[in-house]
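Encoded as structure tokens, the structure appears first; notes follow it.
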Amino acid sequence: MQKILIKNIKGLVQVGENIPMIRKGKAMQELPILENAFLALEDNEVIAYGLMEDWEGITDWRDLEVVDAEGRYVLPAFCDSHTHTVFAKTREEEFVDKIHGLSYEEIAAKGGGILNSARKLAEMSEDELLELAQIRINKMIACGTGAIEIKSGYGLSVDAELKMLRVIKRLKANNSIAIKATFLGAHAFPLEYKENHRGYIDLIINEMLPIIAKEKLADYIDVFCERNYFSVEEMSEILEAGKKYSLIPKVHVNQFSVMGAVSKAIELGALSVDHLEELGEEDILALQNSNCIPTILPGCSHFLGIPFGDARRMINADLPVALASDFNPGSTPNYNLFTIWSLACIKLKMTPEEAFNALTINAAFAMGLSETHGKICIGSKSPLILTKEIPSLAYLPYSFGELNVERIFV
Ligand code: NIG
Ligand code: FE
């Protein structure tokens, strides 16, 4: 058994026995911090914590690694509830196109975008994809990410979608952090189905879904509901079909347009609605009457130069907000959630505490990990971040671009 005692912790963050599953509205400002604390772990499970003055006799001193955290904070690792971590190649050429003035939609129209990634992925073996994704996951963990949702969606054929999902299944088995799989066959229409939407949707429903269910390859189902991609009706049909196999919806909506997708997805039991760069009053209303968590992806807005999701409007409407990276080769080549924390503060005007809740408990909720992740309590096994020596918690999002991680406990 591996026993670790972390002592003299400047601030033990998001700690307690009554941490709620989500914080919303004004409560997003709440963040319990124990100052001058200790934390005892056995095989990474929290067995005790408290104030330094109370720690005597708590721990059995045999075979114990003692970590002195003077001047440093201990945080529950972030949960990244929306990523596209499995992909074949990066897409810098589109980045340059963007610099020359082309929009995301114009790049997609000339064969770039998701279809570009699908072409590259089709040629790559499952083993090679696995190896590349594992390298990325290692980097994500080093940046403090302790749970990752990963989507398919660069396959867009029966074989390639299954290949992606099998890679994710192997990643789950090979990693000690929690990984959730989302089937995103409805990410874009492949070229050969551009004029035959029916054909591709039938492929998803009749060919892909039964195998995915049989091999237990996915936890969630996603659709990119957007003009030039999937309509609200098409999304509904696909989500309904997924439901028959107990796949819970987590969807891409309102990235470029308000189309009624939010209320429809909620009606179909969505756990989260993600992107929301555009938001109508009717969307707010639908969210208020639901258990669905809006998830904002500021890295995508930053990289594409599109509007940022309006976190303040959501919080003022007493909604919860989750934040995620959207890590992918097209719209967000960044997986570092410290960057997202900074962007949330700088661009979304979230306070450091609000944004931290959005990256921990609220994000854990958005990926079905509320019981175990995003918080520090007795019995919790969430990975933990030990920061470097820093003057305050707010220094972490303030010092944007600086990585203040000293050690990760996984
Ligand atoms: O979440 N918007 C749809 N999907 C991804 C981008 C995919 C890509 O460009 O490769 C996103 O931003
Ligand atoms: Fe995405």
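None of the figures in this text is laboratory data; all of them are computed from the coordinates on show. Bear in mind that the values here come from a model prediction, so they are computed numbers and not experimental data. All Cβ positions, even for glycine, are placed from backbone atoms using ideal geometry, and neighbour counts span all protein chains on display.
Looking at this structure, is Leu369 touching a residue at least 24 places away in the same chain (Cβ under 8 Å) and under 23 Å from Asp68 (Cβ atoms)?
no
So, in the stretch 187-200, exactly how many residues are crowded, with 20+ Cβ neighbours inside 10 Å and free of Cβ contacts under 8 Å to residues at least 60 places away in the same chain?
The qualifying residues number 2.
Here are some residues: Ile205, Ile248. Which one is away from ligand 2 (no atom under 16 Å from the Cβ) and over 26 Å from Ala363 (Cα atoms)? Talk me through it step by step, then tell me what you get.
Working: Ile248 fails: over 26 Å from Ala363 (Cα atoms).
The match here is Ile205.
May I ask you to say which residue of Ala317, Ala324, Ala213 is buried (at least 19 other Cβ atoms within 10 Å of the Cβ) and touching a residue at least 24 places away in the same chain (Cβ under 8 Å)?
That would be Ala324, the only listed residue that is buried (at least 19 other Cβ atoms within 10 Å of the Cβ) and touching a residue at least 24 places away in the same chain (Cβ under 8 Å).
Taking the condition of being in a strand (DSSP E or B) and closer than 23 Å to Lys172 by Cα, how many residues in the stretch 218-251 meet it?
The number of residues fulfilling the criteria is 8.
Is there a residue being crowded, with 20+ Cβ neighbours inside 10 Å and among the basic types (Lys, Arg) anywhere in the stretch 140-162?
Yes: one or more hits.
Touching a residue at least 60 places away in the same chain (Cβ under 8 Å) and over 30 Å from Ala142 (Cβ atoms), is that true of Ala218?
Considered against the rule, which asks whether it is touching a residue at least 60 places away in the same chain (Cβ under 8 Å) and over 30 Å from Ala142 (Cβ atoms), Ala218 comes out as no.
When the stretch 379-409 is examined, which residues are found to be more than 15 Å from Val13 (Cβ to Cβ) and touching a Phe, Trp or Tyr at 6+ places or on another chain (Cβ under 7 Å)?
Residue satisfying the conditions is Leu403 alone.
Considering only the stretch 303-337, state which residues are within 16 Å of ligand 2 (Cβ to nearest atom), assigned to a helix (DSSP H, G or I) and among the aliphatic types (A, V, I, L, M).
Leu304, Leu337
Please list, ordered by first then second residue, the pairs with beta carbon atoms under 7 Å, 6 or more apart or interchain, first in the stretch 102-118 and of a type in the set (Ser, Thr, Tyr), second assigned to a helix (DSSP H, G or I).
As it stands, the answer is Tyr104/Leu304, since those pairs meet every condition given.
So that you can scan it fast, the table gives a plain yes or no per residue for (1) out of contact with any helix residue (DSSP H, G or I) (no Cβ under 8 Å at 6 or more places or on another chain); (2) within 15 Å of ligand 1 (Cβ to nearest atom):
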{"position": "Ser263", "(1), (2)": "no, no"}
{"position": "Ile266", "(1), (2)": "no, no"}
{"position": "Val273", "(1), (2)": "no, yes"}
{"position": "Ile284", "(1), (2)": "no, no"}
{"position": "Leu287", "(1), (2)": "no, no"}
{"position": "Phe303", "(1), (2)": "yes, yes"}
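Restrict the check to the stretch 389-399 and report whether at least one residue is within 16 Å of the chain's Cα centre (by Cα), farther than 30 Å from Arg119 by Cβ and part of a helix (DSSP H, G or I). Walk me through it before giving the result.
Initially, the stretch 389-399 is screened for residues within 16 Å of the chain's Cα centre (by Cα), giving none.
No; the residues of the stretch 389-399 include none that is within 16 Å of the chain's Cα centre (by Cα), farther than 30 Å from Arg119 by Cβ and part of a helix (DSSP H, G or I).
Residues being among the hydrophobic types (A, V, I, L, M, F, W, C) and either within 11 Å of ligand 1 (Cβ to nearest atom) or within 19 Å of Ser325 (Cβ to Cβ) (or both): count how many of those fall in the stretch 65-87.
Qualifying residue count for the region: 6.
So which of Phe338, Phe356, Phe365, Phe308 ends up being within 20 Å of Glu105 (Cα to Cα) and of a type in the set (A, V, I, L, M, F, W, C)? So that I can check it myself, show each step before the final result.
Numbers: Phe338 fails: within 20 Å of Glu105 (Cα to Cα); Phe356 fails: within 20 Å of Glu105 (Cα to Cα); Phe365 fails: within 20 Å of Glu105 (Cα to Cα).
After applying the criteria, what remains is Phe308.
May I ask you to say which residue of Ile204, Ile248 is under 19 Å from Gly368 (Cα atoms) and in contact with a Gly (Cβ under 7 Å, 6 or more places away or on another chain)?
Ile248
Tell me which strands (runs of 3 or more DSSP E) are completely within the stretch 14-123 and hold 1 or more residues being of a type in the set (Ser, Thr, Tyr), or say none if there are none.
45-51, 73-76
Consider Thr372 against the criteria (1) within 23 Å of Phe400 (Cα to Cα); (2) of a type outside the set (A, V, I, L, M); (3) surrounded by fewer than 24 Cβ atoms within 10 Å (Cβ to Cβ): it satisfies all of them except one. Which criterion is unmet?
Exception for Thr372: condition (1).
Could you check Ser380 against (1) in contact (Cβ under 8 Å) with a residue 40 or more places away in the chain; (2) part of a helix (DSSP H, G or I) and say which number it fails?
If we test Ser380 against (1) in contact (Cβ under 8 Å) with a residue 40 or more places away in the chain; (2) part of a helix (DSSP H, G or I), just (2) comes out false.
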